[in-house]
Amino acid sequence: MTTEALDGAALGSGAAGTPPDPEAPSIQLSARRRSMVLWAMCLALVLVIAGVSMLTNALPMMAEDLDLSQTQQTWVVDAYALPFAALLLIAGALGDRFGRRGALAAGTVLFGIGSALSALASSGNELLAYRALTGIGAALIMPGTLSTITSVFPADKRARAVGIWTGFAMAGGTLGLLGSGLLLKWFSWESTFVVAAIIAAVALAGIVIAVPSTKAGEHVGLDPGGTVLSALAVGGVVFGIIEGPEKGWTSPVTLAGLAVGLIASVGFVLWELRSTHPLLDPRLFRLPGFGTGAAGLFIMFLAMFGFFLVSIQFLQLILGYTPLAAAVGLLPMMLLAMPLSAIAAPLSMKVGQRRLTTIGLLVAAAGFAWFSTLGADSGYVDFLAGILLVAVGFGLAMTPATTAIVNSLPTAKQGVASAVNDSAREIGGAVGVAVLASAFNSAYRDDIGPKLAEFDPEVAEAAREAPAMAFRRADELGAAGNSLRRATESAFESGLQTAVLIAAGLLVLGALYTWWRGPASVAAPADEVAGEADTVGDEQFAVAGG
């Protein structure tokens, strides 16, 4: 038996060493009821994914109305993404222990309340607080979407259901952009939060009507120490990355944030290795599918959400598109990626997870490298070529990466598998917004700074803060603002090139890691592996919630 099979057998065992029942991989529901569950979970999934991207279109209006700097705009996004990412692991454990349906319902209620309050915010600080509340709700929703699907679909139908879920995970960002673009054509930025609250109410109804109550079949321990350390790890690193361009990379605030994040990360690993019921056992990443799947998803969402921030600015500020037109400009990405995500499930059975994920990551990297050639004289066709490459790459890579994680753990641990899958995506998204936005800001400011000496200090300060402010000041100056416009376009190109090349490089590293470490073929669900290897008992180790 292979090492993968041995590790899979070990993971299939509970804390007491009792192997799971291989004959009970899912709840028995009719095909119609399973379809209802799938669509309810996909709606909830789109709600939380769109919770990040819908703000991208609205940020320029928010910045003007609430007087937000570029760094504050980044925090408006990460005030939601940060608690969302930091609390996913404990939220998944809570759902496993007390019931995923209850966690889903509680999360949608919090999400709806936070969205409604955000629509009433009158200052940047108020908006940040309400977005953080919404992010807590999203953390309760997200793990339950995938773990519910994997619990109710039998093994032979699970890959297709996961593929559809993955397609909506990719489409959620574009749908958020498109929906907010439509709203902002006729209404103010507050309307995006009102509609989010309404969709949360619809999702709640779907959960109550269609979703059965599921939870882990064995005791799931909660881990307060691991929860605090994981939150500090994510929060510290993201805080330091966001504040770096504003306060300086060597400032005490930036260094303190990064130090807290790194120390907490090491502490989290050491704590989890010693914990009887760890939030996430680090040894799970020894499993080839689990480790490479999580790494691939982290890098893909880092690239994708960071790209949304800079691409929307390119379409609106450089090409002059309205928020709606900018969202429509990204629509081909969703229309291509969604069917590819569904097709990738059976395709990975033929090609293999390692090969398909690696190919997808490399194609996406080529797309990001293409974006580095864009400039003020580029047109939409040039932009379209890049997003089609990215769509093909992500469409091919995401489903096998997700399936690799899900199949690494038995049904009893699907809350953990889902939480790690979601954590990789959301921490990747939060870090991507921080890293790529910070890289963009740093390169933009380094480029435009020396060119602002000829302008009034007030104009120069505004231009340095953000491209949107620079273009607005250039318009106010009339003919005298032409040189400011050219300087801003040049600085924007520098920021864009820096951000997308970082993303391309990370995607290439992810492809190399996947090729080196990933499973060559599609692994059987861990329940089945465990069922074939009940006699192997000496290599067991504790798993999350064990």
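Inter-label distance, SER123 to VAL202: 3.5 nm, where each label sits 7 Å from its Cα along the C-beta direction. Close amide-amide hydrogen proximity is noted between LEU409 and ALA526, each under 5 Å apart and 5 or more residues distant or on a separate chain (H modeled in the peptide plane; Pro and chain starts excluded). Taking a ≥ b ≥ c as the square roots of the Cα gyration tensor eigenvalues, with a/c under 1.5 meaning rounded and otherwise prolate when a/b beats b/c, else oblate, which class fits the range 252-336? It is oblate, given that a/c is not under 1.5 and a/b is not larger than b/c. Exposure proxy ranking for GLU190, GLU126, based on other Cβ atoms within 10 angstrom of each Cβ and starting from the fewest, stands as GLU126, GLU190. Between helix 288-313 and the chain, what is the angle of the helix's C-alpha long axis to the longest principal axis, kept within 0 to 90° and rounded to the nearest 10? Helix 288-313 sits at roughly 20 degrees to that axis. This ranking places MET300, MET338 by how few other beta-carbon atoms lie within 10 Å of each, fewest first, which gives MET338, MET300. Tell me the relative contact order for the range 325-423 as a rounded percent, counting alpha carbon contacts under 8 Å between residues six or more apart. RCO, the range 325-423: 38 percent.
The dipole here belongs to the chain: it is taken about the Cα centre, uses +1 on the Cβ of Lys and Arg and -1 on the Cβ of Asp and Glu, and is about 1120 debye. Between helix 353-371 and the chain, what is the angle of the helix's C-alpha long axis to the longest principal axis, kept within 0 to 90° and rounded to the nearest 10? So the helix axis and the longest Cα principal axis differ by about 0 degrees. Normalising the average separation of contacting C-alpha pairs (under 8 angstrom, six or more residues apart) by the number of residues puts the relative contact order of the range 223-278 at 44 percent.
Return the calculated 222 nm mean residue ellipticity for the chain, to the nearest 500 deg cm²/dmol, obtained by summing -39500 (n - 2.57) across DSSP H runs with n ≥ 4 and dividing by the residue count.
Theoretical 222 nm ellipticity from helices: -27000 deg cm²/dmol.
Relative to the current alpha-carbon distance between VAL253 and THR373, full extension at 0.36 nm per residue lengthens the span by 39.7 nm.
Enter the angle in degrees (range 0 to 90, nearest 10) between the Cα long axis of helix 124-152 and the first principal axis of the Cα atoms of the chain, meaning the one along which they spread out most. Around 30 degrees separate the two axes.
Across the options SER265, TYR380, GLY92, the greatest Cα extent toward the positive end of the charge dipole of the chain (unit charges at beta carbon of Lys, Arg, Asp, Glu) belongs to GLY92. In the set (1) 38.6, 117; (2) 23.9, 77; (3) 22.8, 81, which value of Rg and Dmax of the Cα atoms in Å was calculated from the structure you see? Only one option fits the structure, namely (3).
With neighbour counts taken as other beta-carbon atoms within 10 Å, the residues ILE113, ILE448 rank, fewest first, as ILE113, ILE448.
How much net charge surrounds LEU120 when only the other residues with a Cβ under 11 Å from the Cβ of LEU120 are counted, with Lys and Arg +1 and Asp and Glu -1?
It works out to a net charge of -2.
Laboratory data are not the source of any read-out in this text; all were calculated from the coordinates shown. Since this is a predicted model, take the numbers as computed values, not measurements. Cβ sites come from the backbone with ideal geometry, for glycine too, and all protein chains shown count toward neighbours.
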